[in-house]
Amino acid sequence: MTRCVEFYTRWKKDPNWCHKCGDAVRQIESYIDLVDGLEKRGIPQETTIVGLPEGVARPLIAIQDEEIKENAIRHVENLLKRETPTGGAYNEKITKGDVEQIIQKVSNVHFMSETEEWYTPKEIIDSVLEVLGEIDLDPCGNNKSQSTVPANKYFTKEEDGLTKSWDGTVYMNPPYGGEIKDWVIKLLDEWESGNTIEAIALVPARTDTDWFYRIDAHPWCAIRGRLKFSNHKNSAPFPSAVFYLGSEGDIEGIERFFKVFSKHGTIFQRM
């Protein structure tokens with residue numbers, strides 16, 4: 001490292017000293033930028049990750065779960081080997097977005113069950129019951145002996161709740177894969193048709209999606225922190241939101257939702 005610093009210092013004083021050293025200089029500058037950034041944030045230098053500049057490596061540095069971090073670093077190292085076959089320390093084609101995509105994929109594999117089912121934490125179920133009184137239907141649940149939701153009726157994956165009528169009070173914690181949009185639209189359709197008279201939905205807080213924008217006309221709670229779903233060892237890698245769909249003009253229902261779920265996070269209502 002000492003020779004690298006000497007080399008870099010000499011080049012900065014006289015860029016004409018070497019016309020063929022641009023790649024090496026960029027690598028040294030990337031390392032210096034990363035170390036400087038870590039020092040300013042009080043992070044030890046040994047947390048430097050695979051030679052990436054601080055701006056690109058920041059999502060890796062921020063990972064709290066050590067297993068996810070280790071797997072993500074391994075995937076980034078493999079990407080570096082593919083994109084930098086000559087063995088360079090950093091390839092400018094690799095962006096912060098690339099790193100974030102890798103982290104998301106690793107997190108999905110780490111946290112998602114084979115059935116994409118996330119069993120609702122007991123504290124959320126207790127609050128749902130406090131608001132609704134009882135749950136007539138869990139449209140995307142397991143059978144009664146396996147479910148954590150005390151509903152009067154369940155639609156299992158095999159029964160395909162998307163093809164059924166959702167009557168009465170509904171609690172929905174949908175599969176969190178790509179089909180979540182279908183479940184949210186189904187809930188809105190059943191509520192608008194009058195089949196569902198009152199409902200609560202627990203979903204990931206993907207505020208940048210079309211389906212989230214459609215349902216956020218209803219009051220919702222931005223859950224504080226990350227939920228620990230009952231069939232997972234660690235907390236979820238994503239934030240959660242709970243939506244309330246009440247009878248039109250039912251101010252008491254909204255007030256009840258606000259009172260009960262305020263202990264879980266901040267309540268929002270579109271104006």
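The values are calculated or read from the model by the stated rules, or taken from the named source; none is laboratory data. This structure is a prediction, so every number in the text was calculated from the model and none was measured. Because the Cβ atoms are built from the backbone with ideal geometry, glycine has one as well, and the counts that use them run over all protein chains shown.
Brief remarks follow.
- Residue check: residue 73 meets all listed conditions (1) at pLDDT 75 or above; (2) out of contact with any Leu (no Cβ under 8 Å at 6 or more places or on another chain) but one, namely (2).
- In the set (1) on the phi > 0 side of the Ramachandran plot; (2) modelled with pLDDT of 95 or more, residue 195 fails one condition alone, (1).
- Residues of the range 154-183 that turn out to be in a helix (DSSP H, G or I) and closer than 15 Å to residue 137 by Cα, as a count: 4
- Those residues of the range 184-201 which are in contact with a helix residue (DSSP H, G or I) (Cβ under 9 Å, 6 or more places away or on another chain) and either in a helix (DSSP H, G or I) or not assigned by TED's automatic domain parsing to the domain that holds residue 133 (or both), in sequence order: 184, 185, 186, 187, 188
- Scanning the range 206-235 for residues that are surrounded by fewer than 20 Cβ atoms within 10 Å (Cβ to Cβ), at pLDDT below 90 and of a type outside the set (Ser, Thr, Tyr) returns 206, 208, 225, 226, 228, 231, 232, 233, 234.
- Subset of the range 139-168 that is among the charged types (D, E, K, R) and modelled with pLDDT of 95 or more - its residue that is farthest from residue 256 (Cα to Cα): 164
- Test: residue in the range 93-110 that is among the acidic types (Asp, Glu), modelled with pLDDT under 70 and under 16 Å from the mean Cα position of the chain (by Cα): no
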